[in-house]
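The values are calculated or read from the model by the stated rules, or taken from the named source; none is laboratory data. None of the values given here were measured: they were computed from a predicted structure. In this analysis, Cβ positions are derived from the backbone assuming ideal geometry, glycine residues included, and neighbour counts consider all displayed protein chains.
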Amino acid sequence: MGYIDLAYQPREEDLLCCFRVQPATGVTTEQAAEHLAAESSIGTWTEVATLSPELRDRLRAVVYELSPPHVLVAYPADLFEPGSVPQLLSSVAGNVFGMKAVERLRLVDLRLPRAILEAHAGPALGVEGVRQLLGIPDRPLIGTIIKPKLGLPPVEHARVLQEAMEGGCDIVKDDENLTHQTFSPFRERVERSLEARRMAEAATGQRKAYLPNVTAETSEMLRRAELVRELGGRYVMVDVVTAGFAALETLRRADMGLALHAHRAMYASFARDTTHGISMLVLAKLLRLVGVDQLHIGTVVGKMEGDRRTVVDCHEALLGNEVLPSPPRPDRLGQAWHRHRAVLSVASGGLSPLHVPALVEIFGGDVLIQAGGGVHGHPDGTRAGARALRQALDAALAGRTLAEQAQQAPELARALQRWGNP
């Protein structure tokens, strides 16, 4: 078919993809790779009279490395519409997953050329902007998610938010499935919660942020984000997978001056199986491209799936220019981000004060540590739970064990009694 050229040297303007390929029974890796490159660029199942030699040479994808199970493919930049992640994914992650030539297929990593980077806004604030927004120059941020996920009326929601902020949380956010329900109308919840945020700031002398979930049909999402801005909000949260890249791009390009918090609800439906689908690393890179300011990437510890290497790979992809690992790995392509700002990693899912030392060790200082049940499940309530979380962070930053810190931190001591003493 003419799509394999192991002597090809990828150009800076090429988009590179790494696939993990498990060929179907009776199909060789080379044959599967040919089908993959053809289907994701200019080919089809048979030769066609409309494909001229000039067109093939100019626009075909090229398989430039075979390291089974990994196949590396270079795509000419002209295949892609600048500024459109939906079109990009329709190309490199579209029909290829339905081909009979592969039993299982996974898009493991990609490298975006500068032309594609320049066509997207990237993060408006990024790590530095979020830190300036909250007046926190270096330490990890801590936050919570209102629990229960659903059911609290706006008055109770705001009360819980204020207790968490006054207890020590920098950020309090809605959960992924809380938007505009009868028990919690969006506008009333935002008005009351932002007023509670202002009272918490007055009580603590510290800046705080409430992250309302604006996820909705695109025009409604824009309306909700504008309302948040008008009411004095600093952040919005979006369920980026379920809302979709097109909607997210529209929100980012509206450039309302709001930090964008990306929740990855539903990502595991295509990312969890390590032999099929699309990796969280690819999702993280595309979301940085579009312009979120912070993104859930996993915890290593806690209740959510995600091994350490996967989470650290995503963390590195969000923070700076990726440097290829040494020794080289066939599943990492690296990325130069040029003007695109760094994105803050979010660790969330089944966390409590007990996990904080491990999280600081894994992520370093540039992370938002979010504990939902680990704050509100404290035996003395939300305010005490937030204090315990902050006390655990203080211990980790000072190099003390949680047990040592608990001797002078009664809220942390109660948390250790509740969830165990590491």
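See the values below:
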{"item": "Residue within region 258-267 that is over 30 Å from ALA358 (Cα atoms) and not in a strand (DSSP E or B) present", "result": "yes"}
{"item": "Cβ pairs under 6 Å, 6+ apart, first in region 1-23 and free of Cβ contacts under 8 Å to residues at least 60 places away in the same chain, second outside any strand (DSSP E or B)", "result": "MET1/GLU34; MET1/ALA38"}
{"item": "Only listed residue being out of contact with any strand residue (DSSP E or B) (no Cβ under 9 Å at 6 or more places or on another chain) and buried (at least 16 other Cβ atoms within 10 Å of the Cβ), chosen from GLY399, GLY377", "result": "GLY377"}
{"item": "Region 122-136: number of residues that are surrounded by 15 or more Cβ atoms within 10 Å (Cβ to Cβ) and either modelled with pLDDT under 95 or part of a loop (DSSP other than H, G, I, E, B) (or both)", "result": "5"}
{"item": "Residue match in region 137-155 (condition: modelled with pLDDT under 95, closer than 30 Å to PRO82 by Cβ and out of contact with any Pro (no Cβ under 7 Å at 6 or more places or on another chain))", "result": "no"}
{"item": "Matching residues in region 90-111 - criterion: being within 17 Å of the chain's Cα centre (by Cα) and not in a strand (DSSP E or B)", "result": "none"}
{"item": "Residue in region 317-336 that is buried (at least 22 other Cβ atoms within 10 Å of the Cβ), β-branched (Val, Ile, Thr) and outside any helix (DSSP H, G or I) present", "result": "no"}
{"item": "Residues (of a type in the set (Gly, Ala, Ser), touching a residue at least 12 places away in the same chain (Cβ under 8 Å) and under 16 Å from GLY167 (Cβ atoms)) located in region 396-422", "result": "ALA409, ALA415"}
{"item": "Set ASP307, ASP239, ASP255, ASP293: member being assigned by TED's automatic domain parsing to the domain that holds PHE363 and modelled with pLDDT under 95", "result": "ASP307"}
{"item": "Qualifying residues in region 1-29 (those that are in a loop (DSSP other than H, G, I, E, B) and charged (D, E, K, R)) - the one farthest from SER41 (Cα to Cα)", "result": "GLU12"}
{"item": "Residues being farther than 22 Å from ASP170 by Cα and touching a helix residue (DSSP H, G or I) at 6+ places or on another chain (Cβ under 6 Å) - total across region 225-249", "result": "6"}
{"item": "Boolean, VAL228 is touching a strand residue (DSSP E or B) at 6+ places or on another chain (Cβ under 9 Å), under 16 Å from ILE145 (Cβ atoms) and free of Cβ contacts under 8 Å to residues at least 40 places away in the same chain", "result": "no"}
{"item": "Residues being surrounded by 20 or more Cβ atoms within 10 Å (Cβ to Cβ) and of a type outside the set (Asp, Glu) - total across region 248-274", "result": "12"}
{"item": "In region 112-121, the residues that are surrounded by fewer than 17 Cβ atoms within 10 Å (Cβ to Cβ) and part of a helix (DSSP H, G or I)", "result": "ARG114, ALA115, GLU118"}
{"item": "Considering residues of region 63-87 that are crowded, with 20+ Cβ neighbours inside 10 Å and without any contact (Cβ under 8 Å) to a residue 60 or more places away in the chain only, the residue nearest to VAL27 (Cα to Cα)", "result": "VAL71"}
{"item": "Residue, surrounded by the most Cβ atoms within 10 Å (Cβ to Cβ), within region 212-236, restricted to residues that are within 21 Å of the chain's Cα centre (by Cα) and under 10 Å from LEU258 (Cα atoms)", "result": "VAL236"}
{"item": "Checklist (1) charged (D, E, K, R); (2) surrounded by fewer than 20 Cβ atoms within 10 Å (Cβ to Cβ); (3) under 30 Å from ALA196 (Cα atoms) applied to GLU166, failing item", "result": "(2)"}
